[in-house]
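Below: one structure, written as structure tokens.
The values are calculated or read from the model by the stated rules, or taken from the named source; none is laboratory data. Worth saying up front: this structure is predicted, and the values here are computed from it rather than measured. Neighbour counts run over all protein chains shown; Cβ positions are idealised from the backbone, glycine included. Just so you know, the surface numbers come from the protein's heavy atoms only, side chains and all, with ligands and any DNA or RNA stripped out. Shrake-Rupley method; radii C 1.70, N 1.55, O 1.52, S 1.80 Å.
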Amino acid sequence: MAQAKVLPQYIAGLSAAFGAFCMGASMGWSSPVEKLLTEENAYGFPISDDQFGWISSLLTLGATVVCIPVGFVIDMIGRRPTMLALIPPYMVGWFLMLFANSVIMLYFGRFILGFCGGAFCVCASMYSTEISTVSTRGTLGSFFQLNTVTGMLYGYIIGGYCSLLTINILCAILPLIFAAVHYFMPESPVYFAMKGRENDAIKSLLWLRGADCDIRNELNEILEETNKSTDEPKVSIWVALRRPITLKGISIAVMLQALQQWTGINAIMFYSTSIFEDVGASLSGRVCTILIGATQVIMTLVATLIIDRAGRRILLLVSAFFMAITTCLMGVYFQMRDSDPNSVASIGWLPITSILVFIIFFSIGFGPGPWLVMAELFTEDVKSVAGSIAGTSNWFSAFLVTKLFPVLKNSIGSGPTFWIFCGIAIFGFVYVLIFVPETKGKTINEIQLILSGSKKIIDSETDNDSKKIKH
């Protein structure tokens with residue numbers, strides 16, 4: 001029998017992750033349109049800096065409120081139907097953005113866009129890991145972040161060179177493209193197994209692995225895992241979530257998602273144009289922002305290619321280390337500039353270089369890593385809700401950072417603000433070093449053993465296997 005084909009998995013994974021592209025475009029919309037809205041009154045009515053801050057951050061607040069509810073929905077009706085059902089409200093959100101005649105309409109539009117985008121974050125990341133083999137799980141799990149940053153770059157480019165109306169139209173068509181493509185993709189075989197639909201799970205696996213592939217072993221593993229919760233005494237989801245192993249997984253997933261945001265990524269991305277203009281860079285703000293977006297896309301693509309070889313944990317450690325160094329350097333630069341502007345006249349390159357290096361190492365570790373690890377840590381009976389809790393922590397952290405960054409920058413200065421991000425990155429390095437397990441190449445049962453404290457058992461088995469090979 002033939003081995004499992006990779007291409008169908010990539011097609012289905014990229015299709016689901018295009019929902020993240022839609023969300024990324026909504027996120028990338030903020031930076032280039034700031035001046036259009038606050039200075040040029042592109043909508044025909046005035047928008048203050050504070051109102052624009054809410055317009056930007058309501059996207060993340062909308063994502064925050066939807067993550068936990070959608071975790072229940074995807075277990076009830078499925079991953080694929082849930083994602084397709086998000087398209088009508090997505091279009092309502094862009095309709096409000098297109099025809100807004102007041103700030104309130106913009107508030108509602110951005111909140112709805114965030115609501116739909118946040119739901120995609122839970123659905124797409126879970127769908128991608130459930131349709132993949134163990135060997136491709138890291139790559140497919142990284143598609144979510146890759147599509148998010150590619151969508152942001154798309155937003156930067158059209159935002160930098162198009163009118164506001166054209167920007168909104170080019171963003172509004174994206175959910176329709178998603179619907180047209182993902183309609184033809186299969187449902188997750190794991191979801192079918194959870195619902196006792198074994199024949200449908202077989203059809204889904206054959207579509208994903210190839211008609212000539214022997215799927216019996218994989219099907220048995222999926223059925224065994226999903227049947228565990230069926231055979232055991234029925235307990236509520238809240239009881240299941242309180243299992244020690246599940247609580248440990250939730251604590252790791254929540255902390256990684258929070259650290260992803262509190263190290264400052266969205267503050268830098270949302271306000272990148274104004275940061276470059278504050279520096280007085282020779283390149284225009286929009287060009288520098290596009291440069292940042294392109295760097296993020298390239299390095300996230302690199303992460304997608306290496307994450308199944310290098311491992312999640314080592315990339316998270318390297319990422320946190322360099323994020324700490326670069327945010328420290330940015331803090332030093334802005335502190336020097338605020339004390340004596342002439343002292344930084346010859347080092348205007350430093351914050352730009354630091355931001356680019358920050359983006360590079362964020363993109364290979366703390367960009368895709370938290371989403372991938374989140375989808376790997378939990379058993380099927382709690383995965384949807386536990387993952388949703390972690391997603392909620394991510395978007396709520398993004399909301400707080402987006403709102404607090406300009407406040408901190410104005411009250412204590414840019415230098416100390418970036419030093420706060422530096423301190424959080426150092427904490428992230430220590431946390432990953434001590435608490436985060438390596439999940440590369442491990443089955444869900446092996447990961448659960450590690451979380452239960454049985455890592456030494458697995459390591460000793462690996463050592464024994466290595467000794468046998470040598471003999």
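Things worth noting here:
- Applying the condition of being open to solvent by 10 Å² or more (accessible area, probe 1.4 Å) and of a type in the set (Gly, Ala, Ser) to the stretch 1-14 and asking which residue is farthest from residue 171 (Cα to Cα) yields 2.
- Residue match in the stretch 263-279 (condition: modelled with pLDDT of 90 or more and surrounded by 18 or more Cβ atoms within 10 Å (Cβ to Cβ)): yes
- Considering (1) farther than 30 Å from residue 133 by Cα; (2) among the β-branched types (Val, Ile, Thr); (3) at pLDDT 90 or above, the lone condition that residue 436 does not fulfil carries the number (1).
- Checking each residue in the stretch 102-127 for being open to solvent by less than 10 Å² (accessible area, probe 1.4 Å), modelled with pLDDT of 90 or more and either in contact with a strand residue (DSSP E or B) (Cβ under 8 Å, 6 or more places away or on another chain) or not hydrophobic (A, V, I, L, M, F, W, C) (or both) picks out 109, 110, 114, 117, 118, 127.
- Residue in the stretch 377-390 that is over 30 Å from residue 78 (Cβ atoms), within 19 Å of the chain's Cα centre (by Cα) and outside any helix (DSSP H, G or I) present: no
- The single residue among 319, 343 that is farther than 25 Å from residue 145 by Cα and in a helix (DSSP H, G or I) turns out to be 343.
- Taken over the stretch 425-440, the criterion of being in contact (Cβ under 8 Å) with a residue 12 or more places away in the chain and open to solvent by 50 Å² or more (accessible area, probe 1.4 Å) is satisfied by 426, 427, 429, 433, 435, 440.
- Matching entry among 313, 286 (being at pLDDT 85 or above, charged (D, E, K, R) and part of a helix (DSSP H, G or I)): 313
- Test for residue 356: is it closer than 25 Å to residue 430 by Cα, within 24 Å of the chain's Cα centre (by Cα) and not charged (D, E, K, R): yes
- Verdict on residue 419 being surrounded by fewer than 22 Cβ atoms within 10 Å (Cβ to Cβ) and in contact (Cβ under 8 Å) with a residue 24 or more places away in the chain: yes
- Across the stretch 42-101, the qualifying residues are those that are surrounded by 16 or more Cβ atoms within 10 Å (Cβ to Cβ) and not in a helix (DSSP H, G or I), and the one among them that is nearest to the chain's Cα centre (by Cα) is 86.
- For the criterion of being in contact (Cβ under 8 Å) with a residue 60 or more places away in the chain and of a type in the set (Lys, Arg), residue 203 fails.
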